[in-house]
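Scroll down for the structure; my scribbles are underneath it.
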Amino acid sequence: MQEVFNQYIQKLESANRLHYADMYKCTMHSLIKFNKHLDIPFSDIDTIWLKHYEVWLQSQGLAINTLGTRFRHLRVIYNFAIEEKIVKSEYYPFNSY
């Protein structure tokens, strides 16, 4: 997953969307702090994993808007991975979360 994050961040930087690139970097670092690494297949991200991430974010004392931003970024990255044929759309966990 980290490689896909890096690809998407590079795409934003190439388009001179530096603020958005920095926001995605924050989300990526948040996920690394939560999961200890991002060497996980997208298919392993399910509703249970997302709920654990949500609880962890709340335990960090973050505002609800920040949680929404983190999940929005994760959805964008997941959709990007689907577009790039890295993961099949059948694994998409956000339909039920």
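Where a number appears in this text, it was derived from the coordinates with a stated rule and is not lab data. This is a predicted model, so every value here is computed, not measured. Don't worry about glycine lacking a Cβ; one is built from the backbone with ideal geometry, like all the others, and counts go over all protein chains shown.
Here are a few things to note about the model shown:
- Lysine pair number, Cα distance threshold 20 Å (strictly under), the stretch 2-95, separation 8 or more or different chains: 6
- Long-range HN-HN contacts of Ile40 with modeled amide H, under 5 Å: Gln2
- Residue among His37, His19, Tyr91 farthest towards the positive dipole end of the chain, charges placed on Cβ: His19
- Size of electric dipole in the chain: Cβ of Lys, Arg +1 and of Asp, Glu -1, about Cα centre, debye, nearest 20: 220 debye
- Between the amide H of Ile86 and any residue lying 5 or more places away or on another chain, no distance stays under 5 Å, with hydrogens modeled in the peptide plane.
- Checking every one of the trypsin sites (Lys or Arg not before Pro) in the stretch 20-97 against DSSP loop status and a limit of 11 other Cβ atoms within 10 Å picks out Lys36, Lys85, Lys88.
- When the Cα positions of Phe80, Val4, Ile64 are compared along the charge dipole of the chain, Ile64 comes out farthest toward the positive end, with charges on each C-beta of Lys, Arg, Asp and Glu.
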